[in-house]
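Notes for the one structure printed next.
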Amino acid sequence: MPETRLLLEHAEDPALRTLAGYRDRGGYATLERAYREMEPDEVLKELEDSGLRGRGGAGFAMGKKASFLPRGEMAKYLCCNADESEPGAFKDRELMQRNPHQLIEGIAIAALAAGAGHAFIFIRGEYDLQADILDAAVAEAYEAGYLGVDIVGSHCDLELVVHRGAGAYICGEETALLDALEGKRGNPRLKPPFPAVQGLYGGPTLINNVETLSNVPLIVANGAEWFRGYGTEQSPGTKVVSVSGCVRRPGNYEVELGVPTRELIYDLAGGPLDGREVKAFYPGGSSSPVLTAAEGLDLPYSFEAMAEAGSMLGSGSIIVADDTVSIPHMALRTARFYHHESCGKCTPCREGTNWTVKMLERVVRGEATPMDLDIVASVQENIIGHCLCVLGDSMAMPVGAMVRKFRQEFEDTIAAAAGRSPAGERIAAVQGAPETLGAAT
Amino acid sequence: MSELPIDRAVSEGRVPDRSPERVPELHEVDCPPELKEHIEALMGRYPDRHSASIPALWAVQRRYGWCTPEGIRRAAAVMRVTPAYLESVASFYDLLHTAPVGEHRIHVCTNISCWMRGGDELLDAFVAAAEGEDVFVTGFECLGACDIAPMASIDERYYGPLEEEDAAAAIEQLLAGSDVLPEKALEKRPLAGDATGASQRNRNGGAPDA
């Protein structure tokens, strides 16, 4: 299967990072046309018609989100969410590193459509190289008059600031991102009000992912119809998919949405090592419920197909587990991540992630009973939908799915590990008791 | 009735035996002029000066190696906020250190994709290689580079995929001040699809014009 490179076209060229290199490939022509010749509403309509869905995880229609911002003269903001921190996701890193100007052009055009005068790129602090690249690119764009005051003679202004985070997964959550950008601890806010109405500094704010905004110049340049020529009816366009884990060639591959998942994993990423088989995979980053090979490999890779299968496309990050990977250990890794990253504001998430880790540790130590697996499952159910943001849900969904789909493996893990732990032996002895009692009566 | 004596719990942390510190005055903190000007410039980039808190703490950390209490007081005086405010921010974020760390920092990813490919063993190798050196090694949550798993961030730059023996070599190069693992730097890595020469098509439907 070939890749379909729209966002990553020419990405192999190191000159693309510079303004001159980007302009040689036709860059910023769309910005000039949009600012000089188009009304904001025309741009917005093009984005709405394109059906572009947010690439950060939720998959909400980008044009629709932008249209929620109130009209009129007021301070409005645009935030580019570049806080990519979800295990399995590394596509935004690639896009920013290889083609920073495409993102800047996208931000400028989206800001025009949304009427925002101030834009921010919130990039995770770990992405130091990419932030340096963006800093240099933003400086070049200011120099060339694509940012700042009176952009390309249009009387429109836009300030763009690259803001580095400092290491917190929660800041990828849009309202926590706003708090972090306002200089506070990154705690999520209660919604509503949604950021489109009351966001950064209390003003209407449009928040979009790096990949979403990188699509904007392509859509405005070629039209919504062209964009809809790629992908499926409900998931138009291409997607940069991060494939990692137990595959031969982990990496970012840009494909049309709706391609067979099997081809993504086997053709592009090279499939599992010799003699191994795909056992399960996360289709959309560590927060998506895992799919077994039988469930997932033959599905088209699209928002709707993954949702129908009870999982989600999320940020478009596939983590493949082959038959050597222990699912209970993978569940524990997943839970530990969310436990560490929980901001602690909401009790179900703070306590739920904590206890899930403790219970899964007992499972892999052989100190649990099968009943504990029911408790693990019920804890997950009590987290979902009960917090301000979806961080807790992001642990509950995959862990819940693993316990449900691989229950036998969890029980076998407990039984196999029980012999290695004194506490496990005692529990195993007690577990044996009802049978003995049953025989006596 | 006499008041019962209350034993205050002995704690490593700060004992609240006094009122919270107010906003320090600039003349009380002896802030280096370059740091002051830098933080002032940072505040000027935002509609609200508080937004500069994370960038200001980065500046403090770059200057003093970590977010020292004195450094935080200096930044607080420039920003006109209380030191406690900046401390609350610094203690929230993993990359801002509120205790001394070594001159060099190595973050080894131990999350799902790296774990599958030997991240735990790599962390052990780095810990062993850094023994007795002024190098801060820690396991870290996903660094967003699962394509080069197992990987590490060494002084803010990404390297991978790493073998266990790379750990000792990296620390040696780091301490000698030479280029660290030049052939494993993420920056020099081609796109996954280009490395294999897999077929591609561009927006015209054809092969890319190189």
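Given the residues A:E84, A:E105, A:E48, which is the only one that is of a type in the set (D, E), part of a loop (DSSP other than H, G, I, E, B) and either touching an Asp or Glu at 6+ places or on another chain (Cβ under 8 Å) or over 22 Å from A:P283 (Cα atoms) (or both)?
Answer to the check: A:E84.
Every residue, every condition in (1) crowded, with 24+ Cβ neighbours inside 10 Å; (2) farther than 16 Å from A:R53 by Cβ; (3) touching a residue at least 24 places away in the same chain (Cβ under 8 Å); (4) touching a strand residue (DSSP E or B) at 6+ places or on another chain (Cβ under 6 Å), yes or no:
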site	(1), (2), (3), (4)
A:G258	no, no, yes, yes
A:L268	yes, yes, yes, yes
A:K279	no, yes, yes, yes
A:S287	yes, yes, yes, no
A:A293	no, yes, no, yes
A:L297	no, yes, yes, no
A:M306	yes, no, no, no
A:S315	yes, no, yes, no
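One line per residue, one yes/no per condition, for (1) modelled with pLDDT of 95 or more; (2) in the same structural domain as A:E174 (by TED's automatic domain parsing); (3) touching a Phe, Trp or Tyr at 6+ places or on another chain (Cβ under 6 Å); (4) surrounded by fewer than 24 Cβ atoms within 10 Å (Cβ to Cβ):
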{"residue": "A:N99", "(1), (2), (3), (4)": "yes, yes, no, no"}
{"residue": "A:H118", "(1), (2), (3), (4)": "yes, yes, yes, yes"}
{"residue": "A:E126", "(1), (2), (3), (4)": "yes, yes, no, no"}
{"residue": "A:I133", "(1), (2), (3), (4)": "yes, yes, no, yes"}
{"residue": "A:V149", "(1), (2), (3), (4)": "yes, yes, no, yes"}
{"residue": "A:S154", "(1), (2), (3), (4)": "yes, yes, yes, yes"}
{"residue": "A:E159", "(1), (2), (3), (4)": "yes, yes, no, yes"}
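Out of everything in region A:73-94 that is farther than 23 Å from B:L95 by Cα and more than 9 Å from every other protein chain (Cβ to nearest Cβ), what residue ends up being surrounded by the fewest Cβ atoms within 10 Å (Cβ to Cβ)?
Taking region A:73-94 and keeping what is farther than 23 Å from B:L95 by Cα, we get A:73-78.
Pick out the ones that are also more than 9 Å from every other protein chain (Cβ to nearest Cβ) and you get A:73-74, A:76, A:78.
On the way: A:E73: 7, A:M74: 11, A:K76: 23, A:L78: 30.
Out of the qualifying residues, it is A:E73.
Among the residues of region B:93-146, write down those that are under 13 Å from the mean Cα position of the chain (by Cα) and acidic (D, E).
Those that are under 13 Å from the mean Cα position of the chain (by Cα) and acidic (D, E): B:D94, B:E103, B:E141.
What is the number of the single condition among (1) among the charged types (D, E, K, R); (2) farther than 27 Å from A:D393 by Cα; (3) touching a Ser or Thr at 6+ places or on another chain (Cβ under 8 Å) that A:E263 does not meet?
Single failed check for A:E263: (3).
Could you check region A:151-178 and list, in sequence order, the residues that are within 10 Å of chain B (Cβ to nearest Cβ) and either under 23 Å from B:S91 (Cβ atoms) or in a loop (DSSP other than H, G, I, E, B) (or both)?
A:H163, A:R164, A:G165, A:A166, A:G167, A:A168, A:Y169, A:I170, A:C171, listed by residue number.
State the number of residues belonging to region A:190-209 that are in contact with a helix residue (DSSP H, G or I) (Cβ under 7 Å, 6 or more places away or on another chain), more than 14 Å from chain B (Cβ to nearest Cβ) and surrounded by 15 or more Cβ atoms within 10 Å (Cβ to Cβ).
Counting residues in region A:190-209 that are in contact with a helix residue (DSSP H, G or I) (Cβ under 7 Å, 6 or more places away or on another chain), more than 14 Å from chain B (Cβ to nearest Cβ) and surrounded by 15 or more Cβ atoms within 10 Å (Cβ to Cβ) gives 5.
Can you tell which of B:R63, B:R80, B:R105 is more than 9 Å from chain A (Cβ to nearest Cβ), surrounded by fewer than 22 Cβ atoms within 10 Å (Cβ to Cβ) and within 30 Å of A:L158 (Cβ to Cβ)?
On the way: B:R63 fails: within 30 Å of A:L158 (Cβ to Cβ); B:R105 fails: within 30 Å of A:L158 (Cβ to Cβ).
Unique residue meeting the criteria: B:R80.
Counting only residues that are part of a helix (DSSP H, G or I) and either within 11 Å of chain B (Cβ to nearest Cβ) or without any contact (Cβ under 8 Å) to a residue 24 or more places away in the chain (or both), how many does region A:319-334 have?
6
The values are calculated or read from the model by the stated rules, or taken from the named source; none is laboratory data. Values in this document were obtained by computation on a predicted structure and should not be read as measured data. Cβ sites come from the backbone with ideal geometry, for glycine too, and all protein chains shown count toward neighbours.
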